[in-house]
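Q: The structure that follows is given in the form of structure tokens.
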């Protein structure tokens, strides 16, 4: 069995949960809350996946990839930040 978590839903949400139990759709308020949290978790995961797909498409549509040399890039960064270290 899981740990107990006390949550104040407020009157409106409490009434909604109690109504779902009274209708017979759920046996207990805990079932309502568990399903609600699972649904929220799934929606959050779907939203993150959608954002990731959007970013991938944005990258694919941003043009041709350019060749670059890591050492040249790092040297350029070092030379640009050299004056900042002394301040």
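Q: Scan segment 20-43 residue by residue and report those that are under 21 Å from residue 5 (Cα atoms) and under 11 Å from the mean Cα position of the chain (by Cα).
A: 40, 41, 42
Q: Here's a follow-up. Residues that are out of contact with any strand residue (DSSP E or B) (no Cβ under 7 Å at 6 or more places or on another chain), free of Cβ contacts under 8 Å to residues at least 40 places away in the same chain and surrounded by 10 or more Cβ atoms within 10 Å (Cβ to Cβ): does segment 79-87 have at least one?
A: Scanning segment 79-87 turns up no residue that is out of contact with any strand residue (DSSP E or B) (no Cβ under 7 Å at 6 or more places or on another chain), free of Cβ contacts under 8 Å to residues at least 40 places away in the same chain and surrounded by 10 or more Cβ atoms within 10 Å (Cβ to Cβ).
Q: Restricting the search to segment 21-69, which residues are loosely packed, with under 10 Cβ neighbours inside 10 Å and assigned to a loop (DSSP other than H, G, I, E, B)?
A: Across segment 21-69, the qualifying residues are 23, 24, 27, 61, 62, 63, 64, 65, 66, 67, 68, 69.
Q: So residue 76 clears everything in (1) part of a loop (DSSP other than H, G, I, E, B); (2) surrounded by 10 or more Cβ atoms within 10 Å (Cβ to Cβ); (3) modelled with pLDDT under 95 except one condition, right? Which one?
A: Answer for residue 76: the failing condition is (1).
Q: Here's something else I'd like to know. Does segment 1-10 contain any residue that is surrounded by 10 or more Cβ atoms within 10 Å (Cβ to Cβ) and either assigned to a helix (DSSP H, G or I) or in contact with a strand residue (DSSP E or B) (Cβ under 9 Å, 6 or more places away or on another chain) (or both)?
A: Within segment 1-10, not a single residue is surrounded by 10 or more Cβ atoms within 10 Å (Cβ to Cβ) and either assigned to a helix (DSSP H, G or I) or in contact with a strand residue (DSSP E or B) (Cβ under 9 Å, 6 or more places away or on another chain) (or both).
The values are calculated or read from the model by the stated rules, or taken from the named source; none is laboratory data. All figures in this text were calculated on a predicted structure; none of them were measured in a lab. A quick note on method: Cβ atoms are made from the backbone with ideal geometry, for glycine too, and the neighbour counts reach across all protein chains shown.
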